[in-house]
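Just below is one structure, and these are the notes that go with it.
The values are calculated or read from the model by the stated rules, or taken from the named source; none is laboratory data. Everything quoted here is computed from the prediction, not taken from an experiment. Neighbour counts are summed over all protein chains in view; Cβ atoms, including those assigned to glycine, are modelled from backbone coordinates with ideal geometry. Note: areas computed on protein heavy atoms with side chains; ligands, DNA, RNA excluded. Shrake-Rupley method; radii C 1.70, N 1.55, O 1.52, S 1.80 Å.
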Amino acid sequence: MERTRRYTIESLDTGLRLIQLFLAHDRLTVSEAAALLSVGRSTAHRVLSTLEGRGFAVRDSSGRGYTAGPELVRLGLPAGFGAAARRRLGAVLDDAARRTGETVQSAALIGDQIIVTDGRESPHPVRATLELGRTRPAHATAGGKLLLSSLTEEQVRALYPGEELPGYTSATLTTRSALLAELALVRARGYAVSRGESVPGLHTVAVPLAGSSRRDRLALVASGPADRGEDGALLHRAEELRRSVVLLDVT
């Protein structure tokens, strides 16, 4: 830690810490930023002005405070949102829903959570509900485990610094060691499953959908009740989802 501090660029460190503040505050004045960062008002003003010049902060309508700018919002927006992404992925979701007969979703990874970016709901009377924008714990979901498997072990350990993980059902993986072992299995077989790990009675399977970088990656997920989600059905759905993903290459 001491070696890291020795090579720290103080102004850059202050700027990065100020960007982090915008994750928890909708609006910041110069005085508030200075107090939260334990720096002088002049330093806070210079950093905010620099961020404003680069589009990472904008002055609010009162002129006395700052809010997150377009560049910061764009950086925080995961893949799969926006009209262009929905158009590009729409045919895949339509085809996946037809092939599997279950509720299908595209999901992105944000930290240790996944967020549903789009989807199609199953026509079955008993079905998984589509909840756009809903977040769920990555380690307890098929889509989350699929996306976590694309990270290195070091990145996963950074996301989960402790060995104990929160449990949501009796089936949830509750240790980092168990999660790392599961992710190795996901990498080997190319798909991930969750059998009631996030929601009791909900079985899901996920395959890679899009993206070559951490921020652009998406998972394609099919979800259904346990009585339609035995192991054979999940494997079959994984194969059907892969067939749907191929449509991205022809659209």
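Here are the numbers for this structure:
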quantity	calculated
Rounded to the nearest 10 Å², the accessible area of Arg17 at probe 1.4 Å	80 Å²
Global geometry of segment 161-251, whether rounded, prolate or oblate, following the gyration tensor of its Cα atoms and the 1.5 cut on a/c	oblate
For a label point 7 Å along the Cα-to-beta-carbon line of Asp216, residues of segment 86-123 with backbone N under 16 Å	86, 88-89, 108-109
Residue-count net charge about Leu28 - beta-carbon cut-off 15 Å; Lys, Arg +1, Asp, Glu -1	+2
Net +/- balance of residues flanking Leu173 in space, Cβ distance below 10 Å, scoring K and R +1, D and E -1	0
Simple spin-label estimate for Ala91 and Glu52 in nanometres, 7 Å along Cα-Cβ	4.6 nm
Accessible area, probe 1.4 Å, largest first, for residues Glu164, Glu240	Glu164, Glu240
Fraction of accessible area attributable to carbon and sulfur, segment 1-152 (%, probe 1.4 Å)	54 percent
Length added when fully stretched, Leu12-Asp112, from 0.36 nm per residue minus Cα-Cα	33.4 nm
Signed unit charges on C-beta, dipole axis of the chain, positive-most listed residue Gly53, Ile110, Ala181	Gly53
Rg and Dmax [Cα atoms of the chain; Å; Rg one decimal, Dmax integer]	21.2, 64
